[in-house]
Amino acid sequence: MLTHTEKEELKALLKTKKKIVLSSHSNPDGDAIGSLLAMYYYLTNKGHEVYMVVPNKFPEFYDWMPGSDLIINYEKNAKKAQQLLKSADIFFSLDYNALNRIGPVAEFIPPSPATRILIDHHIDPERDKFDYCYSNTAFSSTGELIYSFISTLGDIKFIDKSVAEALYTCIVTDTGSFSFSCNRPETYEITAALLKLGIDAEKMHRLIYDTFSEQRLRLLGFAISNRMIVWDDLHTSLIYLTKADLSKFNFEVGDTEGVVNYPLMMKKVNLSILITEKDNKLRLSFRSKGNFSVNDLARKHFNGGGHRNASGGNVNKPVKELIDELKVVLDDYSKELNYELVY
Ligand code: 5GP
Ligand code: MN
């Protein structure tokens with residue numbers, strides 16, 4: 001992922017105190033927030049001046065993470081973020097592969113001679129936009145890549161309990177609690193190393209997953225009972241939640257996280273789609289089992305992308321129109337979707 005020369009250059013670059021801005025993608029998830037905090041503590045431990053920026057709000061169930069209150073939300077504090085970005089020596093892009101994933105922040109990323117570094121595990125990173133790319137799609141999470149990045153630079157000694165907690169959050173959330181993207185032994189070796197640093201994995205799991213409001217759980221029940229369509233011939237399930245549905249359940253950021261995973265529990269379903277109506281736009285989430293690439297689907301048809309088995313997209317049209325369009329688009333994939341995984 002880094003040539004010998006690049007490694008030596010990065011070591012030299014990080015040897016003296018620098019002003020560093022870390023960024024992650026819109027609608028930040030556990031891997032985004034964890035990656036920011038892991039790099040924040042690692043680089044602070046090394047003596048740098050470090051700031052973190054995200055384009056918009058992250059779910060409250062990450063508020064317990066030490067340092068999360070230092071993350072600047074661009075939507076709330078654009079001026080401050082712009083000032084910091086302008087004067088940064090180093091800009092890190094964490095857990096995203098393309099600058100359009102940081103929305104308005106992209107306009108202000110520091111130009112040369114500032115150094116731009118990408119650490120990410122999504123398909124097809126925009127390599128030409130960065131001076132260094134630490135990118136590999138085989139890794140469970142950007143957090144796991146960060147552990148490897150720090151280790152490559154000979155800096156394991158700077159991984160303390162704060163870094164470890166943040167990295168564990170990345171790994172546990174991006175693997176659905178070790179249920180997907182986790183077939184590499186290295187994922188468990190790194191997790192074991194994090195546990196040896198004294199993190200309380202059970203407690204962290206509770207803090208992330210067992211903090212639903214009553215309304216959030218009722219929204220999940222409603223989504224499955226009242227808003228789920230199953231297209232048997234396409235081995236596909238679709239859940240849609242309108243603005244009115246969300247407001248009926250007092251929607252808070254993060255309340256729909258995970259909803260898209262449930263339909264995959266049906267044996268017959270290979271593709272699960274969630275449509276949520278937000279700010280007059282529609283957000284799409286795709287999940288698949290097996291070889292069907294939802295990254296390709298989101299890229300080709302829905303202005304998005306992601307991974308083979310998890311991707312997202314965005315469109316600007318009424319829900320009913322989108323559902324009709326999905327049916328037409330997926331009819332062309334009916335052969336690819338018609339498989340039965342061996343259990
Ligand atoms: P989610 O459905 O959880 O929002 O996103 C699933 C995966 O797809 C994540 O890895 C996320 O980074 C990626 N993703 C979500 N939305 C987009 C998008 O609009 N563009 C791209 N390129 N990737 C996305
Ligand atoms: Mn990720």
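The values are calculated or read from the model by the stated rules, or taken from the named source; none is laboratory data. If you're wondering where the values come from, they're calculated on a predicted model, not measured in any experiment. Glycine gets a Cβ as well: all are built from the backbone with ideal geometry, and neighbour counts include every protein chain shown.
From the list 267, 203, 196, exactly one residue is more than 16 Å from ligand 2 (Cβ to nearest atom), charged (D, E, K, R) and assigned by TED's automatic domain parsing to the domain that holds residue 292. Which is it?
267
Need a quick list: strands (runs of 3 or more DSSP E) entirely within the range 221-285 having at least 2 residues that are out of contact with any His (no Cβ under 6 Å at 6 or more places or on another chain) and under 26 Å from residue 63 (Cα atoms).
271-278
Output the residue which, of all residues in the range 268-293 that are polar (S, T, N, Q) and touching a Ser or Thr at 6+ places or on another chain (Cβ under 9 Å), is nearest to ligand 1 (Cβ to nearest atom).
In this case the residue turns out to be 285.
Quick check on the range 304-321. Is at least one of its residues over 18 Å from the mean Cα position of the chain (by Cα), under 21 Å from residue 27 (Cα atoms) and away from ligand 1 (no atom under 15 Å from the Cβ)?
yes
I'm trying to understand the selection: among the residues of the range 133-177, which are of a type in the set (Ser, Thr, Tyr), crowded, with 22+ Cβ neighbours inside 10 Å and away from ligand 1 (no atom under 16 Å from the Cβ)?
134, 147, 168
Only residues that are within 14 Å of ligand 2 (Cβ to nearest atom) and within 15 Å of residue 339 (Cβ to Cβ): list them for the range 282-318, please.
308, 309
Run down 291, 261, 250, 303 and say which single residue is touching a residue at least 24 places away in the same chain (Cβ under 8 Å), touching a strand residue (DSSP E or B) at 6+ places or on another chain (Cβ under 7 Å) and not assigned by TED's automatic domain parsing to the domain that holds residue 101.
261
Take the residues of the range 20-51 that are crowded, with 16+ Cβ neighbours inside 10 Å and assigned to a strand (DSSP E or B): which is nearest to ligand 1 (Cβ to nearest atom)?
Going through the qualifying residues, I end up with 24.
Filter the range 107-125 down to residues that are buried (at least 17 other Cβ atoms within 10 Å of the Cβ) and among the charged types (D, E, K, R), then give me how many there are.
Here the count works out to 2.
Which numbered condition trips up residue 214, out of (1) surrounded by 14 or more Cβ atoms within 10 Å (Cβ to Cβ); (2) closer than 23 Å to residue 30 by Cβ?
(1)
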